[in-house]
Amino acid sequence: MSGNTFGVLFKVTTFGESHGKALGAVIDGCPPNLDLGEADIQAELYRRKPGAHKASTSRKEEDRVEILSGVFEGKTTGTPIALLIHNTDADSRDYEQLRDVFRPGQGDFTYLKKYGIRDHRGGGRASGRETAARVAAGSIARKLLAREGIEVVGCTVELGGIAIERYSRTDIAGNRLLCPDPGAAKRMEQKLEEARGGGDSLGGIVEVRVTGCPAGLGEPVFDKIDADLAKALMSIGTVKGVEIGAGFEAARMKGSECNDPIGPGGFKTNHAGGTLAGIATGQEMIIRAACKPIPSIDLEQETVDVQGNPQKISIRGRHDACVIPRVIPVCEAMVCLVIADHLLRQRTIR
Ligand SMILES: Cc1cc2nc3c(=O)[nH]c(=O)nc-3n(C[C@H](O)[C@H](O)[C@H](O)COP(=O)(O)O)c2cc1C
């Protein structure tokens, strides 16, 4: 009921708020005998960490993960794995002035409507900081997938309206926006700098590709793999749309263009994005997530306080100019969790 748990067999519960003592995750259902150490999780957390990129918030989170349980002598034991990340740089003073005001584009208004009480510091539970726990949990799912030869790689395919013109996987790691088109990455950086200079923010599109996923993963009918992927990505604060394969473009194609012909060697195209009827085809899975611009901006905006009085606010705290590239490891983590869950579910029937 509470919506803090994700997955059926590879089950993850996250807890914690942006400015509380700590946040973390409990992973139940991870198979035993998987090699796992804090360093494996730490490497993924570093990719999400603020300050690792120039476009990022200046909050200096240490993001040190501790494994509290479920691992013995470097291997998972099959019992619940509890992960803890302390909030070491949670300076709540910037947020005092926002205690009674609703920030546009944030969950302040809706959390108060739902619970009648809210932790206003840094967005509380709705903060992007919660995603550190997802990345930590996702890194364990990723290890499970690696054992099966499944790889999950995310990148930036659009930022501030600038789209990539080519996809070169080897170029992704070569620029800080993790963009597969270095020329487009330069133009994106420039656009980002302009937005930042003007006190504004930008949105973008993340693409995640899954290679090595065996055919057959996915369940009929409500737990189709594409349905679970869409939910996983939409659950990330900032994501406003998800596409699989041709996605919205499929609505503009004819059947003869959209269908993927099948030959003796397999599928000849991949407009389906690696899934048919909610079950993996064994082709590359292609998923895109549209991320809205970061709501915290320096520019003055209209809002109201909790009494309904008009207010003008400008958010001068520590925030990103764009959720990209930090959201990429979060998207990857959510995809890893879905694939790991379906892998375990498939093993129960074959
Ligand atoms: C990794 C990550 C970092 C984020 N950082 C910020 C931030 O610094 N400032 C901000 O206003 N929003 C940030 N957000 C976005 C908000 O958390 C999100 O837009 C807000 O909770 C509203 O949710 P919604 O966009 O799903 O409606 C971040 C999101 C993610 C995933």
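The values are calculated or read from the model by the stated rules, or taken from the named source; none is laboratory data. Everything numeric here is computed off the predicted structure, so don't read it as measured data. Neighbour counts run over all protein chains shown; Cβ positions are idealised from the backbone, glycine included.
Residues of the range 9-22 that are in contact with a helix residue (DSSP H, G or I) (Cβ under 6 Å, 6 or more places away or on another chain) and within 21 Å of VAL335 (Cβ to Cβ): LEU9, PHE10, VAL12, THR14.
Taking every residue in the range 8-23 that is over 19 Å from ALA232 (Cα atoms) and pairing it with any residue that is of a type in the set (Lys, Arg) and part of a strand (DSSP E or B), at least 6 positions away or on another chain, yields no pair with a Cβ-Cβ distance below 6 Å. When you scan the range 248-258, do you find a residue that is more than 16 Å from the ligand (Cβ to nearest atom), of a type outside the set (S, T, N, Q), at pLDDT 95 or above and under 30 Å from ARG196 (Cβ atoms), even just one? Scanning the range 248-258 turns up at least one residue that is more than 16 Å from the ligand (Cβ to nearest atom), of a type outside the set (S, T, N, Q), at pLDDT 95 or above and under 30 Å from ARG196 (Cβ atoms).
When ILE297 is tested against (1) away from the ligand (no atom under 13 Å from the Cβ); (2) touching an Asp or Glu at 6+ places or on another chain (Cβ under 6 Å), only condition (1) is not met.
Scanning the range 113-169 for residues that are of a type in the set (Lys, Arg) and in a loop (DSSP other than H, G, I, E, B), we see that the one that is nearest to the ligand (Cβ to nearest atom) is ARG118.
Considering the range 45-63, the residues that are assigned to a helix (DSSP H, G or I) and at pLDDT below 95 include one that is surrounded by the most Cβ atoms within 10 Å (Cβ to Cβ), namely ARG48.
Just for the range 222-242: of the residues that are more than 16 Å from the ligand (Cβ to nearest atom) and either outside any loop (DSSP other than H, G, I, E, B) or more than 17 Å from GLY274 (Cα to Cα) (or both), which one is nearest to the chain's Cα centre (by Cα)?
The initial filter retains those residues of the range 222-242 that are more than 16 Å from the ligand (Cβ to nearest atom), namely 222-229.
After this cut, where a residue has to be either outside any loop (DSSP other than H, G, I, E, B) or more than 17 Å from GLY274 (Cα to Cα) (or both) as well, the list is 222, 225-229.
Values: PHE222: 22, ILE225: 17, ASP226: 16, ALA227: 16, ASP228: 14, LEU229: 11 Å.
Residue satisfying both the conditions and the ranking: LEU229.
Of all the numbered requirements in (1) in contact with a strand residue (DSSP E or B) (Cβ under 7 Å, 6 or more places away or on another chain); (2) of a type outside the set (D, E, K, R); (3) over 28 Å from ASP40 (Cβ atoms); (4) within 16 Å of the ligand (Cβ to nearest atom), VAL323 misses one, and that requirement is (3). Among the residues of the range 106-121, those identified as among the hydroxyl-bearing types (Ser, Thr, Tyr) and either touching a residue at least 60 places away in the same chain (Cβ under 8 Å) or in contact with a helix residue (DSSP H, G or I) (Cβ under 9 Å, 6 or more places away or on another chain) (or both) are THR110, TYR111. Applying the set (1) assigned to a loop (DSSP other than H, G, I, E, B); (2) within 30 Å of ILE67 (Cα to Cα) to ARG103 leaves exactly one unmet item: (2).
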